[in-house]
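The values are calculated or read from the model by the stated rules, or taken from the named source; none is laboratory data. From a predicted model like this one, the values you see are computed outputs, not experimental measurements. Backbone-built Cβ (ideal geometry, glycine too); neighbour counts: all protein chains shown. Side chains are part of the model used for accessible areas, which takes the heavy atoms of the whole protein and leaves out ligands, DNA and RNA. Shrake-Rupley method; radii C 1.70, N 1.55, O 1.52, S 1.80 Å.
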Amino acid sequence: MPDVSRSAVRRAARACRLIAALVLTIAGAAHAQPATDRPNIVFVLSDDEDRGIHAYMPRVKALIEDQGVVFENFFVTYPLCCPSRASILRGQYPHNTLVLGNLPPEGGFLTFRHLGLEASTIATWLQGAGYRTALYGKYLNGYVETDAPPPGWDEWHAANNDGYFNVNYKLNENGKIVAYGGAPEDYLTDVIARKAAAHIRQFAAEGRPFFLYVATFAPHSPYNPAPRHKGLFKDAPLPRPPSFNEDDVSDKPGFIQELPRLNEDQISKITTHYRQRLECLQAVDELVETLVKTLNDTGELDRTYIVYASDNGFHLGEHRMLEGKDTAYEQDIRVPLAIRGPDVPKGERVNAMALNIDLAPTFAAWAGIQPPDFVDGRSLLPLLKDRGAPWRKSFLIQRLGL
């Protein structure tokens, strides 16, 4: 081939490469641009909320459950805070996240970060698809305000461990540490509500789809309700199902058989804490109302999916156990899940077994993106369209051990 022909071929090949690069650049830019036709997603996650106390949330019932679908059989795959939250962020079973506890080396925030799991979460997936993303409140157990915000979040407002008290805590606000005191306006659940509402207004004005992860510390101990709710349930009776302080536990595992029956002082303490848990939930109930009202005021409500769930359940005297979680009993693994949004039927119930590992792929499906291959869960969209759709018949419950 003459030199001039080879030169022409080289120029043509170089031109093709430039065109290809330009196409990829344009495609990448288009992918990063906000897709205004995509729905918003608002995810509210409470802490240690069992199904029993969930019944005391009239606003959640009226604004989400009655306007959408309730999953009667929603379970967490590991009934403990950090493993559950890691599974929610990644859509993986705990044996795949390797987060098997609340503290290192078995689990906790540091384990999640050191394993590199923050590089691919529902936040990074949605941000990559053009969503504005924001987290408020509780992230992972062991996170402190000096820890750098992880990738994937445009707005980061995470509290340190003092957030459990809901007063006198610090927030990492996009890398800036801000201290809050004990005044009524500093109550953490209310602060989270105000921040989330402000960003709904901001993102709506920008015309960008958004994903809000609103994670309260309530109703986790030490049970400090907002001042306006203290004493609201001072006469509420403690539920005593057949499993409460059982007389005969011969059919139970060895660790239950070894427990003595609860005495009156223990039952009295459990009753007090039960009432305080109900009080703590009221600010969460009001938070939901604030978010729904803001979505409505900004014209975003009809194009927003709102999801309400808890990271795990909680037992209060069942099977002779005092207070806690981290067992395979239904009080600990079965938690609330309600969804409302575009095309979600109103006032219906789903009996299929849904899991916390299904949340991330569901959010991804709403955004029109394919989650990574490592995801163990599945999108709940088929069940939202057809309550009788083929579905799983079993699932795995995991825990590190007693």
Rounded to the nearest 10, the angle in degrees between the Cα long axis of helix 264-297 and the longest principal axis of the Cα atoms of the chain comes to 30
Magnitude of the Cβ-charge dipole (Lys and Arg +1, Asp and Glu -1) of the chain about the Cα centre, nearest 20 debye, reported as 1520
Hull surface over four for the Cα convex hull of the range 300-388, reported in nm², is 7.5
Here the longest stretch of the chain that holds no trypsin sites (Lys or Arg not before Pro) in a DSSP loop having at most 15 other beta carbon atoms within 10 Å is 1-229
Relative contact order in percent for the chain (Cα pairs under 8 Å, 6+ apart) equals 29
Computed about the Cα centre, the charge dipole of the range 269-348 from +1 Lys/Arg and -1 Asp/Glu charges at the Cβ has a magnitude in debye, to the nearest 20, of 260
To the nearest 10 degrees, the tilt of helix 3-32 (Cα long axis) against the first principal axis of the alpha carbons of the chain is 30
Stokes-Einstein, Kirkwood over Cα pairs, the range 304-354, 20 °C, 1.002 mPa s; D in µm²/s equals 166
In nm², the average projected area of the convex hull spanned by the Cα atoms of the range 101-209 is 7.0
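If I compute solvent accessible area with a 1.4 Å probe over the protein chains, what percent of it on the chain is carbon and sulfur? It would help to have the intermediate numbers written out before the result.
Working: 9180 of 16860 Å².
Ligands and nucleic acids excluded, carbon and sulfur give 54 percent.
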Listed residues Ala328, Ala193, Ala123; largest mean-square fluctuation, Gaussian network over the chain with Cα springs below 10 Å, found at Ala328
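Enter the accessible area per residue of the chain (Å², integer; probe 1.4 Å; all protein chains in place). Don't skip to the answer; put the middle values down first.
Details: 16860 Å² over 402 residues.
About 42 Å² of surface per residue is accessible.
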Along the range 83-90, Karplus-curve 3J(HN,Hα) (6.51, -1.76, 1.60; θ = phi - 60°) to the nearest Hz, with x for Gly and Pro, reads x, 5, 5, 5, 5, 5, 5, 10
Computed for the range 320-375: size of charge dipole around the Cα centre, +1 on C-beta of each Lys and Arg, -1 on C-beta of each Asp and Glu, debye to nearest 20, value 220
In nm², the average projected area of the convex hull spanned by the Cα atoms of the range 192-330 is 10.5
Whole-Å distance linking the alpha carbon centroid of the range 155-217 with that of the range 57-119 is 20
Taking every C-alpha to C-alpha distance in the range 31-104 and binning by 10 Å from 0, the per-bin percentages run 15, 35, 31, 19, 1
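For the chain, what does the helix formula give at 222 nm: sum of -39500 (n - 2.57) over DSSP H segments with n ≥ 4, over the residue count, nearest 500 deg cm²/dmol? Working shown, then result.
Numbers: 12 runs with 137 residues, N = 402.
Counting only the DSSP helices, I get -10500 deg cm²/dmol.
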On each of the three principal axes the extent of the alpha-carbon atoms of the chain, given in whole Å and largest first, is 100, 46, 43
For the range 158-308, whose charge dipole is built from +1 on Lys and Arg Cβ atoms and -1 on Asp and Glu Cβ atoms, the candidate among Thr294, Phe217, Asn245 with its Cα farthest towards the positive end is Thr294
Expected vector for the range 389-397, Karplus 3J(HN,Hα) from phi with 6.51, -1.76, 1.60 and θ = phi - 60°, integer Hz, x for Gly and Pro, equals 4, x, 8, 5, 10, 7, 7, 9, 9
